[in-house]
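The values are calculated or read from the model by the stated rules, or taken from the named source; none is laboratory data. In this text, all values refer to a predicted model and were calculated from it rather than measured experimentally. Methodologically, a virtual Cβ is constructed for each residue, glycine included, from the backbone with ideal geometry; neighbour enumeration extends over all protein chains shown. Remember, those area values only see protein heavy atoms, side chains included, never the ligands or the DNA or RNA. Shrake-Rupley method; radii C 1.70, N 1.55, O 1.52, S 1.80 Å.
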Amino acid sequence: MIYLKEGMYEKDIELLYMVLDCLFSSNITYYIKKCELCQKYYIHHLSNKRYCSRVGFVYEYQTTCDEAIDTLYKSVMRKDAKYLKHFHNDPLKDDIDKYNREKNIIKTECIGNLNITPFEEYIDKFYQNQK
């Protein structure tokens, strides 16, 4: 469904008033939210939505803020699974536990920053030390 309203404005503040009038005169409740990823504002009808639908690039994939976390998480988990299979035959269980604890901390930071490089560097460094 599309709601169309035309108007003339001379200043940006008048355009803002027109947009707000459309929002407030609607039968649907809209929320003005700030995207937790790109820090830009967007309008949505769901109050629990955390990310906007702007298109951008995350880890060489074109995606929206909404799907960026999933895209990055899949990339991280693929790389992690690739290296973890080498550790399963390792008799040093303490090293695997240490790897998992530190990995989870770095993974959380990487997903929050949308930058997988520190995670890759940690995995590479840990794997090189195991050889």
Over 26 Å (Cα to Cα) among K40/K107; K11/K34; K34/K103 -> K34/K103
Options [x] 21; [y] 29; [z] 46 for percent of Cα pairs over 26 Å apart; the value derived from the coordinates is listed as [z]
Ordered by number, the GluC sites (Glu not before Pro) in the stretch 17-83 that occupy a DSSP loop and have at most 14 other Cβ atoms within 10 Å are E36, E60
Applied in sequence order to the stretch 33-49, the curve 6.51 cos²θ - 1.76 cosθ + 1.60 (Karplus, θ = phi - 60°) yields integer Hz couplings, x standing for Gly and Pro, of 10, 10, 4, 6, 9, 9, 6, 9, 8, 8, 10, 8, 8, 9, 7, 9, 6
CD proxy, 222 nm, the chain: helix-only mean residue ellipticity via -39,500 (n - 2.57) per DSSP H run with n ≥ 4, per residue, nearest 500, stands at -18500 deg cm²/dmol
Taking protein heavy atoms only, a 1.4 Å probe, and rounding to whole percent, the accessible area of the chain owed to carbon and sulfur comes out at 52
With the 1.4 Å probe rolled over protein heavy atoms, the stretch 34-87 has an accessible area per residue in Å² of 67
Output ordering of 8-20, 73-85 (per-residue mean of other Cβ within 10 Å, highest first) is 73-85, 8-20
Once amide hydrogens are built 1.01 Å from N within the peptide plane, the residues lying 5 or more places from T64 or on another chain with amide H under 5 Å from its amide H are G56
Tilt, helix 93-113 to longest principal axis of the chain (alpha-carbon atoms), in degrees rounded to tens, equals 20
The helix 12-24 Cα axis meets the longest alpha-carbon principal axis of the chain at an angle in degrees, between 0 and 90 and rounded to 10, of 80
